[in-house]
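The values are calculated or read from the model by the stated rules, or taken from the named source; none is laboratory data. In this text, all values refer to a predicted model and were calculated from it rather than measured experimentally. Backbone-built Cβ (ideal geometry, glycine too); neighbour counts: all protein chains shown. For accessibility, only protein heavy atoms count, side chains too; no ligands or nucleic acids. Shrake-Rupley method; radii C 1.70, N 1.55, O 1.52, S 1.80 Å.
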Amino acid sequence: MARPTTPAEAWAELAAGNDRFIAGDREHPHQDVHDREALADGQAPFAVFFGCADSRVAAEIIFDQGLGDLFVVRTAGHVVDPAVLGSLEFGVGVLGAPLIVVLGHDSCGAVKATIDAEATGDLPPGFLRDIVERVMPSVLTSHREGDAEPDDVMRRHVRETCQLLAERSTVIADGVRNGTLAIVGAEYALAEGRARVVTEVGTAGATA
Ligand SMILES: [Zn+2]
């Protein structure tokens with residue numbers, strides 16, 4: 001199909017790709033020699049991904065997309081820092097993608113590590129500590145609000161991350177305000193393969 005140009009078209013394309021993945025019916029689009037060569041001159045991805053780095057949550061595979069389709073930023077626990085914001089702004093502001101997808105998942109190790117750190121008061125060593133410190137605000141909010149399960153905390157972290165992007169980045173906030181951009185927060189179920197919508201900032205029709 002033609003490249004999606006609106007937030008709603010972009011989400012519809014991703015949802016269709018995820019359905020194919022779940023059904024075991026992937027099309028593997030845009031992955032042959034012709035695509036590779038045609039894309040060498042430039043890229044125009046239709047969605048920006050900001051997801052957990054977990055090896056089981058590979059955006060192009062679970063949404064059945066190919067070369068040039070997705071601009072993907074991933075860190076453990078999808079934690080926001082200046083390089084992440086700059087990368088997302090590049091995908092949206094320079095490359096023109098109309099949609100950002102924040103993707104968490106069940107059984108997330110970064111969320112689990114942060115829940116453990118909050119419970120014990122012990123932070124992990126090295127730069128793992130940086131990850132945990134950046135997930136911690138979501139865990140503290142979850143604690144205050146009475147979220148019971150780690151996956152409830154993950155959902156809250158997805159919501160908080162979406163809000164954070166819209167608050168921190170003027171490029172993202174402006175796009176959402178004028179309707180050319182939306183953020184969809186989703187949770188991926190490892191065993192099932194389904195990406196379910198948790199929240200939406202702006203309008204992509206994902207929660208409809
Ligand atoms: Zn994870």
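Go through the stretch 18-59 and count every residue that is farther than 16 Å from LEU95 by Cβ, under 15 Å from the mean Cα position of the chain (by Cα) and open to solvent by less than 80 Å² (accessible area, probe 1.4 Å).
Qualifying residue count for the region: 7.
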Quick check: anything in the stretch 134-156 within 16 Å of the ligand (Cβ to nearest atom) and touching a residue at least 60 places away in the same chain (Cβ under 8 Å)?
no
Subset of the stretch 133-156 [open to solvent by 10 Å² or more (accessible area, probe 1.4 Å) and touching a strand residue (DSSP E or B) at 6+ places or on another chain (Cβ under 6 Å)]:
ARG155
Cross-chain or 6+ apart pairs with Cβ under 6 Å, the stretch 33-53 first and farther than 22 Å from ALA204 by Cα, then within 16 Å of the ligand (Cβ to nearest atom) and open to solvent by less than 50 Å² (accessible area, probe 1.4 Å)
ALA53/THR75; ALA53/ALA76
Check off (1) assigned to a helix (DSSP H, G or I); (2) within 30 Å of ALA16 (Cα to Cα) for GLU192 and give me the number that stays unchecked.
(1)
Checking the conditions here, which among ALA117, ALA110 is touching a Cys at 6+ places or on another chain (Cβ under 9 Å), open to solvent by less than 40 Å² (accessible area, probe 1.4 Å), farther than 24 Å from GLU9 by Cα and modelled with pLDDT of 95 or more?
ALA110
Residue tally, condition part of a helix (DSSP H, G or I) and open to solvent by less than 60 Å² (accessible area, probe 1.4 Å), over the stretch 1-17:
10
Criterion violated by ASP122 - all others in (1) closer than 20 Å to ARG74 by Cβ; (2) open to solvent by 10 Å² or more (accessible area, probe 1.4 Å) satisfied:
(1)
Within the bounds of the stretch 109-119, is there any residue that is hydroxyl-bearing (Ser, Thr, Tyr) and in contact with a helix residue (DSSP H, G or I) (Cβ under 9 Å, 6 or more places away or on another chain)?
yes
Against the definition (free of Cβ contacts under 8 Å to residues at least 24 places away in the same chain, among the aliphatic types (A, V, I, L, M) and either surrounded by fewer than 21 Cβ atoms within 10 Å (Cβ to Cβ) or assigned to a strand (DSSP E or B) (or both)), how does ALA186 come out, yes or no?
no
Conditions: (1) of a type outside the set (S, T, N, Q); (2) assigned to a helix (DSSP H, G or I); (3) in contact with a Ser or Thr (Cβ under 7 Å, 6 or more places away or on another chain). GLU200 meets all but one. Number of the miss?
(2)
Those residues of the stretch 156-183 which are within 12 Å of ILE100 (Cα to Cα) and not in a helix (DSSP H, G or I), in sequence order
THR180, LEU181, ALA182, ILE183
